[in-house]
Every structure is written in structure tokens, then in C-alpha cells.
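One structure is given here, and the rest of the page talks about it.
We did not get these values from a lab; they are worked out from the coordinates using the rules stated. Because the structure is predicted, anything quoted here is derived from the model rather than measured. With ideal geometry, Cβ positions are generated from the backbone for all residues, glycine too; neighbour counts draw on all protein chains shown.
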Amino acid sequence: MDTDTPTSAAPRRDIQGLRALAVLAVIGAHAAGWPAGGVLGVDVFFVISGFLITGMLLREARGSGSIRLAGFYARRARRLLPAALVVLIAVAIAGWFLFNRTRGEQTLWDAAWAAALTSNWNFAAQGTDYFADTGAVSPLQHFWSLSVEEQFYLVWPVLLLLLLGIVGRRRIRLVAGAVAFAVVAASFAWALVQTDTQATVAYFSTLTRAWELGVGALVAVLAPLLRRLPRGLGGALQWTGLAAIVASLVLIDPAAGGFPAPWAAAPVAATALVLAGGVGGDARHGHLVPLSNPVAVFLGDTSYSLYLWHFPVVVFAEVLLPASALRLWIVLGASLVLGVASYLIVEQPLRYAPFLGGMPRVAAPAASAPEPISAPAAPSPVLAATTRPAGWTPGTRYYPGQTRPSAPPAVQAPVVAATAPAPAETIIAAEPARMSAWRDRFGAQVFLATAGLVIVALAGALWVTASGHGPRVTMPEAAPAASAPAVAGDPGADLRAELAAAVTADAWPTLTPSLDEVMAASSGANPAHACFEPGATPDPAGCSWGSGDAPLHIWLVGDSTAMAYAPAFRRIADDSAGGIRVTAMGMYGCRFTDVLVENDDPRVMASCQERKAAVRAMILADRPDLVVMSNAFTLGHTVAGQDLSADALIAAQRREAATYDMGDRMLFLAPPPQGVSLAACFTPTSSPRACDSAVDGTWRTMEAISESSASSDGGHALSSLPFTCADDVCPPFAGTIPTKYDQTHLTVAYAEHIAPALQQALDAMGLLE
């Protein structure tokens with residue numbers, strides 16, 4: 001099935017149709033959001049890969065008694081690497097010029113991880129990084145599934161070769177089946193566990209996906225038995241499997257949970273039915289028209305290149321094209337053109353390139369040799385019966401009714417007792433013949449496909465530009481600083497004027513620090529970062545600013561939003577002339593509530609309760625003058641999976657605060673509203689308007705409940721809107737300072753910038769007396 005000669009037997013048409021269905025489902029999910037379970041097409045690919053590779057290896061082991069690893073890996077490299085490397089290089093270059101610096105650099109790293117066949121582990125780590133700006137999707141994220149398959153290709157043949165050396169060729173199929181079954185059982189069990197505890201890691205992990213490839217391997221092991229199935233029963237299995245795959249794509253939503261285990265079992269089992277039912281049938285599978293028709297087979301042939309190109313097209317379209325009804329069709333058209341062109345220009349020709357070892361050796365004309373030595377006559381060979389006319393030459397095409405010359409009289413030739421080795425000139429002459437055959441096979445195809453790609457690209461670019469749907473490629477000019485005249489003695493009014501000016505800005509001012517710098521620094525630039533890390537509780541002395549003899553001591557506690565406010569409170573302490581001391585401590589990802597809220601980071605889950613207890617004990621021992629608590633205003637759920645409403649979260653926060661016994665000296669400081677992903681919205685060609693965000697409904701609900709609860713309990717609540725938004729619009733900068741470095745957290749420079757306005761608000765509430 002995975003040979004490297006263009007004259008090899010055609011693969012099963014139903015498998016090519018399965019590939020077409022899988023890739024179309026994935027493209028639909030990524031480009032249009034439909035079908036809901038479209039990404040399950042990747043699971044279909046996994047089963048197919050396990051089936052084909054295992055079948056190939058078992059046939060080689062049974063036939064030759066060995067497995068040539070070098071040959072196997074060379075075929076895999078010729079099959080997969082050329083097209084993948086072209087995509088990686090193209091995307092890395094495009095990302096460098098079209099993305100902001102931080103995202104462009106990350107795209108380079110993503111390409112390096114993909115080239116090293118470890119893309120899935122890279123994205124698993126990014127997904128569990130609390131401060132990763134997950135709103136900006138990597139254009140190479142889809143390479144995770146290719147890395148899983150390639151890791152399987154690296155391990156499985158070696159394991160089968162070791163087993164072959166132990167049990168021999170006669171028992172290799174039975175032992176391989178037992179090992180594959182063990183892999184399926186262990187991997188699926190681990191997938192069930194990790195899906196429940198670390199869903200992001202489970203989605204990308206090879207360990208939780210190996211069972212899907214193992215199911216395909218089991219079908220390949222059972223092939224001799226499956227060939228005995230009645231053809232009618234095999235066809236029924238295939239139709240049942242196809243219906244189940246379609247139902248899975250439409251009905252299963254991986255985002256709803258339970259994925260990859262247990263819900264991936266549905267498309268995996270369905271794909272196994274299609275493969276198993278077709279083992280004993282005709283390779284054309286004419287009865288399975290949805291999968292075996294010419295269009296499906298062609299799309300299946302090109303599915304690898306289509307998969308490689310579609311996701312970069314989707315991601316770059318978000319950056320380059322304005323939102324419109326036609327953007328989807330532009331994305332689909334560009335994906336199809338690039339995918340087919342890549343298949344015809346790169347994937348096929350380089351897979352069979354002689355200089356990569358892909359073409360079979362072509363026999364060269366025999367060179368003149370010494371006269372053979374005579375030997376006693378040997379018995380004449382028995383000729384096989386044939387319906388072709390006399391004079392037909394074996395290896396040539398015969399057309400019925402065609403006249404052939406009569407056979408010449410037989411001439412008895414001497415029998416060669418010993419054949420001399422082929423002269424070196426013969427071997428050398430074969431190389432040009434191989435290159436010539438390769439050029440004849442692919443030369444015209446590459447030329448026509450390249451010309452077609454250029455024509456379609458130019459025509460498409462002209463059309464989308466003329467229709468007003470072209471890319472946003474104009475470079476905005478730098479604007480003057482979006483600021484307003486200072487209002488003497490009123491820092492709050494000054495700040496509100498800066499925010500209002502930023503909301504109306506059409507161009508980026510020169511920001512200090514730049515957005516690239518703050519996004520690259522992330523949370524690491526925060527002076528309180530070490531005081532909010534998971535693990536052992538830090539020393540409060542290292543998390544405090546201001547004089548130890550200050551008459552007013554403030555504690556700032558909470559999750560990462562509290563940490564983001566820490567530079568503002570540090571400046572308040574530093575500017576107080578020894579009058580205020582501030583201690584900031586908490587843990588990012590750990591909400592200060594009396595209920596443990598689920599977080600993807602296992603370090604947070606292991607340390608959160610202990611950190612809250614330690615902070616509580618220190619506050620009770622220190623008896624500060626004011627405690628300020630800030631937590632995220634987003635919904636969540638408990639470790640048991642119970643959803644927590646806005647009311648439940650605010651109530652849990654207030655119950656935790658009540659354990660500090662602060663009475664009316666407790667302040668609940670709202671976090672900034674959730675913004676858009678700066679990594680996605682900020683590009684060299686974007687306007688600041690693209691990064692403006694509205695105040696979300698969840699934030700409004702939680703803020704209203706917090707203020708209402710504070711007024712009824714005698715505590716205090718302070719909104720963050722006066723410090724971050726104007727007229728319910730939150731801009732990405734104020735004056736010449738970026739407000740956030742991601743969707744949620746204030747930059748260090750901006751937190752310090754709002755310190756006077758924050759101190760003014762605290763004074764007005766009588767909390768600094």
C-alpha cells in the first residue's frame with residue numbers, strides 16, 4: 001500500500017475515500033466550524049495508518065523473515081518529508097513577516113518542533129502553560145497529529161523486528177496481535193484517566209492516542225481471518241462503519257469533554273469496521289460508492305497535502321482578510337489549490353525521485369560481452385499457454401486483432417555455464433535511464449501544475465482585490481501619542497482621558513515599552529512573580545515593599561490578577577515616604593475561594609489549598625490594616641466537575657475572605673475585563689481598533705454581585721473599569737503604554753502608571769487612613 005514506485009498496484013479505493021472524508025471533515029471544522037466533530041477525522045487517519053503500516057511490516061516479515069528498517073524509514077521520509085518541509089518553511093517565512101514579533105518567533109519554534117517530529121508535545125506544554133496566550137493559534141498546530149503518527153512509525157517497526165527475532169516469522173502475526181492488543185488496552189485506560197485530569201495533555205499525547213493506531217494494527221493482524229468473510233457481510237460491515245463515522249462527525253463535540261477517551265472510540269471502531277469489511281473484497285469496492293468514486297479517490301490521494309496546507313490558510317486568512325461572507329470560500333479555494341499543487345509538484349515527484357532512491361532500477365541495454373562458453377544442451381523450457389499471436393514479445397502491449405509478424409525459426413543458442421558480472425558501464429547507464437523515466441513521468445505534470453498554480457493565484461488575487469475582499473496590507477503610519485491634557489491634581493481624570501483618546505485612535509502610537517516587548521516578557525517581568533508561583537510558600541519578606549516601620553500595612557492576595565496589580569501597590573508603597581508597606585502573595589491559577597477551582601496545571605492543583613492556608617495564617621498573625629483580594633472574573637468548575645456559577649464563585653471568595661477576620665478593612669478589587677488576544681490581533685498591518693474589546697457579560701455579572709455583597713456585608717468593592725476602559729471599551733494602550741500583555745493581565749508599566757489613580761480611589765473610600 002505504501003510503495004515507492006509509480007507502477008505499483010493501486011491502493012484500496014475505499015481507504016482513499018476514507019482519507020477524503022477525514023480530511024474534508026477536518027477542513028470543514030477548522031474553516032467553517034462544521035461539522036462539530038470534524039476534528040475526529042484525525043482519529044480516522046490514525047486507524048488507517050496503523051492498519052497500513054502494520055500490514056506492510058507483517059507481509060515483509062512473513063516473506064523475507066526480516067524487516068529492513070533502513071528501507072522502511074527511507075520510504076516514510078520520501079512519502080512525508082518533502083511536502084511537510086515545504087509547508088514548514090513557507091509558514092515560518094510568512095509568519096515572520098505577517099505576525100507580530102512574539103508570534104513570529106513562536107511560529108519559528110513551532111516549525112522546529114514539527115521538523116523534530118515532536119510537535120504534539122510542544123503544543124501540550126503550551127496548552128498547560130498558564131500564561132500562554134491561547135487566543136493566538138499557531139498556523140502549525142495541526143502538525144501535532146503528524147508527530148503522533150511519526151513517533152508510531154519510529155517505534156512500532158523496531159518493536160516488530162525485535163519480536164521477529166524472538167519468535168520467528170511463523171508466529172510473528174500472533175505475537176504482534178497480542179502486543180497490539182496490550183497497547184490498545186493500556187493506552188485507552190491511560191486516555192480515560194488523563195482526559196479526566198489533564199484534558200489538554202491527553203488531546204495531544206502519543207500515550208493517549210497510541211490505542212487508535214493499535215486498533216488499526218489489530219485489523220491488519222486479523223487480515224487472514226477477515227478475508228474469509230462472505231463478501232455480503234463485509235459490505236454490510238463497511239456500510240455500517242461509514243454510517244457510524246458520519247454520525248460521529250456530526251454528533252460528537254470534542255470541546256464538550258470526554259475526548260479523546262471515551263468518545264474517540266466511536267470513530268475509531270467505525271473506521272475499523274470499514275477496513276475489516278474490505279479486506280476480502282475487490283480493491284475497487286464499487287459497492288461503496290461514497291468512498292470509491294473517482295472524486296473521493298482523488299481527494300484521498302491528495303489528502304496529505306490538503307491537510308498540510310489547510311490550517312495555515314485558515315490562520316493567515318484571519319490576519320490578512322477582512323471578515324466577510326466570502327472569506328470562507330476564499331479559504332476553501334486556497335486550501336484546495338495549494339493542496340493539489342503541492343501533491344502534483346512536490347509530494348508525488350519527490351516521493352519517486354531517483355536521486356532519493358524512489359524509482360526502480362531501469363534495465364540498461366546489454367553491453368557487448370565475451371563469447372559464452374559452450375555447454376551441453378539443456379532441456380527446452382516449457383512455454384506457458386497464451387492466446388496472443390505468434391511473434392508476440394513478452395512485456396509489450398497486445399491489442400486483440402492486431403497483426404504480428406510470424407515467429408522466426410528457432411535458433412539453438414549455447415547455454416551459458418557461468419554468467420560474468422554486469423560490466424560497470426551497464427550499472428552507470430541505468431542511472432540516466434532512471435532519471436529519464438522519472439522526467440517522462442513527472443516533467444509535464446510539474447510544469448502544468450506550476451503554471452496552473454501561478455495562473456489561479458494571480459486570478460484569485462485580482463478578483464479578491466477588485467471585489468473589496470482583498471488582504472489588509474497597508475502599513476498604518478505611526479500616530480502621535482493618544483493622550484489628553486493633564487488635569488492638575490486629578491490622576492483619575494488624567495487616566496480616563498488617556499483611555500478615551502486611545503479608544504478613538506486609528507493608528508498605533510509609539511509605545512514604550514512596545515507590545516512586542518511586553519508580550520515577550522509576559523509575567524516574568526512582574527516583580528511579584530516569585531511570590532505567586534506554585535510550590536513552597538515564599539518568605540513574606542521577599543514579597544514586601546516599603547518601610548518595615550510603616551504605620552499602614554496592606555496585604556494583596558489572590559490569583560494572577562492580584563499579581564498583575566502588584567506593581568501598582570509597590571509604587572504606592574515606594575511613593576509613600578515610609579508611610580505604607582505592601583505585602584503581595586498568592587498563586588497564579590489558584591483562586592482565593594473556599595472551594596478548589598479546577599485548573600489545568602497540576603502544580604497549581606497540588607499547591608493551591610496549601611498556599612491559601614499559609615496566606616490565611618500569615619494574615620491572622622500579622623493583623624494588617626487592609627487586605628485587598630483580586631481573583632479572575634471567569635466561570636469555572638470544581639475538581640469534581642461541578643459547574644460554579646457567578647453567584648457561587650463570588651460567595652466562595654467572600655467566605656475565604658471572612659476567614660481573615662478583617663471586617664470592613666477588606667477590599668475586593670475587580671480584575672480587568674477579559675480582552676482579545678494581543679498575539680492574534682496585533683500585527684504589522686493591523687489597526688489598534690482590532691485590539692479593542694468590550695466588557696463581557698460574565699465580568700459584569702460578577703462585578704455586580706461583588707459590589708452588592710460588599711455593601712450588604714459592610715466590606716468594600718472597587719471596579720477596575722475606571723483604570724482600564726472608557727465607555728465600556730477597553731483599548732490595548734493608554735497614552736504611550738500598553739495596558740495588557742495578554743487577554744487578562746496588566747503590564748508592569750501600566751500597573752505602575754495607574755498607581756496614582758488607584759491610590760486616589762482607595763483614599764476616597766477611606767481605606768488608607
| Spacing of the two label points (7 Å from each Cα toward its C-beta) at Met765 and Asp643, in nm | 3.1 nm
| Once the principal axes of the Cα atoms of region 13-356 are found, what is the range along each, listed largest first in whole angstroms? | 59, 49, 41
| query | Placing +1 at every Lys and Arg Cβ and -1 at every Asp and Glu Cβ, with all other atoms neutral, what dipole size does region 648-729 have around its Cα centre, in debye to the nearest 20? | reply | 160 debye
| Under the Karplus relation 6.51 cos²θ - 1.76 cosθ + 1.60, θ = phi - 60°, what is the ordered set of whole-Hz ³J(HN,Hα) values for region 304-314, x standing for Gly and Pro? | 5, 5, 4, 5, 4, 8, 5, 6, x, 4, 4
| request: Find the centroid of the Cα atoms in region 267-346 and in region 201-255, then give the distance between the two in whole Å. | output: 19 Å
| Can you run phi through the Karplus equation (6.51, -1.76, 1.60; θ = phi - 60°) for region 30-46 and list ³J(HN,Hα) in whole Hz, with x for Gly and Pro? | 6, 8, 10, x, 9, x, 4, x, x, 5, 5, x, 4, 5, 4, 4, 4
| field | Which of Asp647, Asp696 has the fewest Cβ neighbours within 10 Å, and the rest in rising order | value | Asp647, Asp696
| message | Show me the ranking of peptides 69-82, 589-602 by mean Cβ neighbours inside 10 Å, starting with the highest. | response | 589-602, 69-82
| note | Taking a ≥ b ≥ c as the square roots of the eigenvalues of the Cα gyration tensor, with a/c under 1.5 meaning rounded and otherwise prolate when a/b exceeds b/c and oblate if not, region 206-257 is oblate
| query | Going by how many other beta carbons lie within 10 Å of each one, how would you line up Val454, Val582, Val627, fewest first? | reply | Val454, Val627, Val582
| Using a basic spin-label model with each label point 7 Å from the Cα along Cα→Cβ, how many nm lie between Ala536 and Phe97? | 5.2 nm
| request: With +1 on each Lys and Arg Cβ and -1 on each Asp and Glu Cβ, and nothing else charged, work out how big the dipole of region 491-764 is about its Cα centre, in Debye to the nearest 20. | output: 280 debye
| note | For Ala457 and Asp253, extending 7 Å from Cα along the Cα-Cβ vector and measuring point to point gives, in nm, a value of 3.9 nm
| message | Net charge around Gly280, counting only other residues with Cβ within less than 12 Å of its Cβ (Lys, Arg = +1; Asp, Glu = -1)? | response | +3
| remark: When Glu656, Glu533 are arranged by how many other beta-carbons sit within 10 Å of their Cβ, fewest first, they go Glu533, Glu656
| task | Using the Cα centre as the reference, give the magnitude of the dipole from point charges on the C-beta atoms of region 13-356 (Lys, Arg: +1; Asp, Glu: -1; all else neutral), rounded to the nearest 20 debye. | result | 1480 debye
| task | Mind jotting down a quarter of the surface of the convex hull over the alpha carbons of region 491-764, in square nanometres, one decimal? | result | 13.7 nm²
| Put +1 on the Cβ of every Lys and Arg and -1 on every Asp and Glu Cβ in region 13-356; which of Leu321, Pro349, Val268 then has its Cα farthest towards the positive end of the dipole? | Pro349
| request: Determine, for each peptide in 175-185, 98-108, the mean count of other beta carbons within 10 angstrom over its residues, then list the peptides with the highest first. | output: 98-108, 175-185
| Under a 5 Å amide H to amide H cut-off, with H placed in plane at 1.01 Å, what residues pair with Cys590 once short-range neighbours are removed? | Ser560
| Toward the positive end of the charge dipole of region 670-769, about the Cα centre and with charges on Cβ (Lys, Arg +1; Asp, Glu -1), which of Thr683, Leu762, Pro732 goes farthest? | Thr683
